[in-house]
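Since every read-out is calculated from the coordinates, none of them should be taken as a lab result. For clarity, every value in this text was computed on a predicted model and none was experimentally measured. Ideal geometry is used to build each Cβ from the backbone, glycine not excepted, and the neighbour counts take in all protein chains shown.
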Amino acid sequence: MEEENIMHGAEPRDLVHPGSAGTQLYRSLYKFSYFPEAIVDAHTHEVISYATIFNVSCRLAASLEKYGLGKEDDVVGVCSENNLNFFSPVLAALYLGVPVATSNDMYTDGEISGHLNISKPCIMFCSKKALPLILKVQKNLHFMKKVVVIDSMYDMNGVECINTFMNHYTDHTFDPLKFQPKEFDPLKKTALIMSSSGTTGLPKGVVLSHRSLTIRFVHSRDPIYGTRTIPETSILSLVPFHHAFGMFTTLSYFVVGLRIVMLKKFEGELFLKTIQHYKIPTIVVAPPVMVFLAKSPLVDKYDLSSLREVATGGAPIGKDVAHAVAKRLGLSGILQGYGLTETCCAVVITPHDNLRTGSAGKVVPYVKAKILDKATGKALGPNERGEICFKSEMLMKGYHNNPEATRETIDEDGWLHSGDIGYYEEDGTIYIVDRLKELIKYKGYQVAPAELENLLLQHPDIADAGVTGVPDGFAGQLPAACIVLEPGKTLTEKEVVDFLAERVTPTKYLRGGVIFVDRIPKGPTGKLMRQELRAIFAAKKAQTSKL
Ligand code: M24
């Protein structure tokens, strides 16, 4: 008998594709190959067509197969900023059923080495920009046998570009229609290994199956939960492709045949100019861009009347901000999605027929949810707060080679514990109200406190460290540290901030500040008490605002 108080996603309006995600993407790219613009680079106005993506991804897949890819533990790595060529290796690997692992191109060498040691890609596709970083770390990563540059017409520093690589194994008369993606059990085969620190500890590899993707594709085609823009219309995406939010939304745009207008990073004027120039009807942005849209005087300088749909997610957004954006842009509401890397993409989305601005939305088709009372283990009814848990074939299979962390996140009954606190109203509308887990989100980017604590402890004058997020109206949260110094040692706040800044990507800088304390609050088992850390920063803020 099923438990009480389980929320079921709406009846799907379309069935999940029974085969692999690679096959579905192959068919969609072919179907839309008449359409000249798949991705547009808003910085340069360069374009890649559906036909080119189809041709290159098929030829690359055939070349990779001849190269010998496809052994048991083979993984394809991709390290690049948002780029017109980003998806060719991703699609090629999906056609072959070889897992893909993506990396943030902004990582430092220490961060990327740690990250690549999880998924261990044997071949790495990187952008020109990321090449120096990859070459620097390749010397110590013996599993990474080959590097290929995705966005250069020529070989660089002895590293092959994608054309040279393909020319070794296939010739330019290659016919993509003679190539067929492989078929296999989509539930068993890994499609992607994405990075997330989960509820606790260091970043881990999130293993998502081909079925995870094909369920996401059902949502993108759904008239109530998908984007309402029809094939060939433009969607402006500002989310990084290497992150689950950017990866799975963008792959699903290929399935519905949209023109994806892409920005590598947020620049206010360029963002607004792009909406005006391309007459964009739909944008997908992280919450800080919503704050910009609500408050910046620049917004009034541009014609944004083409906008019909503004979608956000990845971190909490204030109800006031959402309402202000809707009002300023003359929209009936804001589309929100809530998801975790561990759930592949959004598992809660505001339905078009009931845009309750400020809510995260309703559970999507093929997904079940419940609000767990941690004390009793029971599923709570409407308007009661607890941990939000999910069950679906869309969710991760587990963390790569980490059964212990997997067990801590997915319980024996298959429920994934999100580490977020929420509640639902009688009609199933869900609100996210707090985060129980350690994770800090800076502008929607993950920051794992444990990772920063380990680095801070490498400083000879630091005896102990505790990291938490302090609230910030624009970025959501700012990483901040409490530091215990070794006896007799002195350090300034700037010295601590700079020490960390040399070792991590800018999203992890200690922008929330540093407080020197006598001891880090810990429980009887030595577990760091993060609520108390948060309280130390809240008290400091209260004190400063009194002055
Ligand atoms: P990851 N409200 C509050 N907190 C949120 C949130 C929200 N709406 N969304 C995420 N979080 C926080 O880095 C929670 O603490 C993502 O953020 C992620 C991954 C895939 C897709 O993962 C949560 O535990 C998406 C987000 C996504 N967001 O919106 C949409 N997709 C979306 C929107 C409209 O692991 C943690 O961040 C339409 C379609 C969409 F897909 C997870 O952080």
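If you filter segment 331-368 down to residues that are over 28 Å from THR409 (Cβ atoms) and aliphatic (A, V, I, L, M), you find that the one that is nearest to the ligand (Cβ to nearest atom) is ILE334. Just a yes or no: is a residue in segment 52-62 among the charged types (D, E, K, R), over 30 Å from CYS389 (Cβ atoms), in a helix (DSSP H, G or I) and out of contact with any helix residue (DSSP H, G or I) (no Cβ under 7 Å at 6 or more places or on another chain)? Checked against the condition, which is being among the charged types (D, E, K, R), over 30 Å from CYS389 (Cβ atoms), in a helix (DSSP H, G or I) and out of contact with any helix residue (DSSP H, G or I) (no Cβ under 7 Å at 6 or more places or on another chain), segment 52-62 yields no hits at all.
Select from segment 393-422 the residues that are touching an Asp or Glu at 6+ places or on another chain (Cβ under 9 Å) and in a helix (DSSP H, G or I) and list them in ascending order. The answer is THR409, and nothing else.
Of the set (1) buried (at least 18 other Cβ atoms within 10 Å of the Cβ); (2) away from the ligand (no atom under 14 Å from the Cβ), all apply to HIS417 but (2).
Can you tell me which residue in segment 174-196 is nearest to LEU60 (Cα to Cα), limited to those that are among the basic types (Lys, Arg) and assigned to a loop (DSSP other than H, G, I, E, B)? The selected residue is LYS182. Taken over segment 159-173, the residue count meeting the criterion of being crowded, with 17+ Cβ neighbours inside 10 Å and either aromatic (Phe, Trp, Tyr) or part of a strand (DSSP E or B) (or both) is 4. Going through (1) β-branched (Val, Ile, Thr); (2) surrounded by fewer than 22 Cβ atoms within 10 Å (Cβ to Cβ); (3) closer than 29 Å to LYS279 by Cβ; (4) free of Cβ contacts under 8 Å to residues at least 24 places away in the same chain one by one, THR350 falls short only on (2). In segment 207-226, of all residues being farther than 13 Å from PHE248 by Cβ and not in a helix (DSSP H, G or I), the one that is nearest to the ligand (Cβ to nearest atom) corresponds to TYR225. Applying the condition of being surrounded by 24 or more Cβ atoms within 10 Å (Cβ to Cβ) and among the small types (Gly, Ala, Ser) to segment 198-212 and asking which residue is farthest from GLU404 (Cα to Cα) yields SER212. Could you please let me know if SER88 is surrounded by 24 or more Cβ atoms within 10 Å (Cβ to Cβ), hydroxyl-bearing (Ser, Thr, Tyr) and closer than 30 Å to VAL218 by Cβ? When the stated conditions are applied, SER88 passes them. Against the conditions (1) buried (at least 21 other Cβ atoms within 10 Å of the Cβ); (2) aliphatic (A, V, I, L, M); (3) under 27 Å from the mean Cα position of the chain (by Cα), LEU187 satisfies every one except (1).
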